[in-house]
1. Where does each of VAL123, VAL188 land when they are ranked from fewest to most other beta-carbon atoms within 10 angstrom?
2. Run the numbers on the range 2-261 and let me know its relative contact order in percent, using alpha-carbon pairs under 8 Å that are six or more apart.
3. Among ARG136, ARG203, ARG237, which one shows the biggest mean-square fluctuation in a GNM of the chain, springs joining Cα atoms closer than 10 Å?
4. Based on the Cβ-Cβ distance from LEU149 to ARG227, what FRET efficiency comes out when R0 is 41 Å, to the nearest 0.05?
5. Give the shape of the range 153-267 as rounded, prolate or oblate, defined through the alpha-carbon gyration tensor: a ≥ b ≥ c are the square roots of its eigenvalues, a/c under 1.5 means rounded, and otherwise the shape is prolate if a/b is larger than b/c and oblate if not.
6. According to the square roots a ≥ b ≥ c of the eigenvalues of the Cα gyration tensor, what is the shape class of the range 40-124, taking rounded for a/c under 1.5, prolate for a/b larger than b/c otherwise, and oblate for the remainder?
7. Once you have the Cα-Cα distance between SER101 and GLU162, take 0.36 nm times their residue separation minus that, and quote the gain in nm to one decimal.
8. Shape verdict for the chain, please, from the Cα gyration tensor: rounded (a/c under 1.5), prolate (a/b greater than b/c) or oblate.
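Throughout, read-outs are computed from the coordinates displayed, never taken from laboratory work. This structure is a prediction, so every number in the text was calculated from the model and none was measured. For neighbour counting, all protein chains shown are included, and Cβ atoms are generated from backbone atoms with ideal geometry for every residue, glycine included.
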Amino acid sequence: MAGGSRAGEASLILLPQLRLALDAGRPARALVPLQHVVVSHGHMDHVIGLPAWASQRQLNGMPGGTVYVPSSLADLVRELLATCARLEGGKPYGAEVMPISAGQSVALRSGFDMRFFATSHWVETLGCCVEWVRRRLRPELAGTAADELRRRHEEGHAITEEVRTPLLAYLADTGPEVFADQPFLAEVEVLVVECTFLRPSDRERARRFGHMHLDDLAELAPKLHNRHLVLTHLSRRHRLGPGARAIRKALAAALSPELHLLNVEWE
Ligand SMILES: [Zn+2]
Ligand SMILES: [Zn+2]
């Protein structure tokens with residue numbers, strides 16, 4: 001996983017193995033080769049790198065790629081891309097904009113799906129979970145001879161079942177309510193969640209705008225069974241170094257996942 005994040009400036013999470021970007025908050029060279037871009041919501045710190053991505057792919061003769069957006073924003077994102085292509089005086093970009101609703105699953109590539117869910121931000125925002133999808137022998141058939149399995153299969157009986165393993169969940173911008181709505185978040189292997197505000201005086205601000213506060217994470221920490229916890233979207237009210245120290249201090253005692261901070265100074 002690569003990328004970086006800062007509230008109000010830019011968030012982008014790059015997963016080159018899956019050719020997937022989770023948000024495109026600023027132009028980036030490493031973003032261009034990624035064929036799939038999820039735009040969680042319409043705030044500029046999550047979307048403004050998208051036209052540069054589409055433009056650079058066209059310039060480099062690459063296929064258009066696919067953009068996954070909340071359905072209410074699909075027409076606006078198409079207009080944004082069309083306007084930018086006209087601004088450049090060239091052909092329309094080849095990117096396909098796919099409207100997505102909460103609850104929907106989309107195949108990313110063979111064996112991997114993306115499942116989308118609503119987060120708790122102040123505008124419509126989609127979270128995204130990458131799932132590993134595979135088939136296995138139904139447990140009650142364990143130990144059955146191969147001939148017998150073949151016979152059952154030929155008679156039209158289902159001998160396998162689908163198994164879905166949530167690998168990585170990205171919550172974009174959100175308040176803590178999403179954790180009650182989506183209990184799987186406490187179990188997913190890699191949880192990428194924002195932690196915008198740290199100071200006690202910012203609790204009310206966090207509630208009002210649908211963001212996570214460090215106190216929310218400290219409360220959740222003992223319940224998280226993830227392997228990795230990746231925090232993003234630190235407010236510019238906090239400097240990077242002291243912010244990281246405050247986060248580690250508040251979570252260290254109760255947290256079992258390995259903690260990673262993806263916050264950066266962009267300049
Ligand atoms: Zn944001
Ligand atoms: Zn936002």
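1. The most exposed by this proxy come first: VAL123, VAL188.
2. Reported relative contact order: 13 percent.
3. Looking only at ARG136, ARG203, ARG237, the largest GNM fluctuation is found for ARG136.
4. Working from the Cβ atoms, E equals 0.75.
5. Verdict is prolate for the range 153-267.
6. Note, shape of the range 40-124 comes out oblate.
7. 19.7 nm
8. oblate
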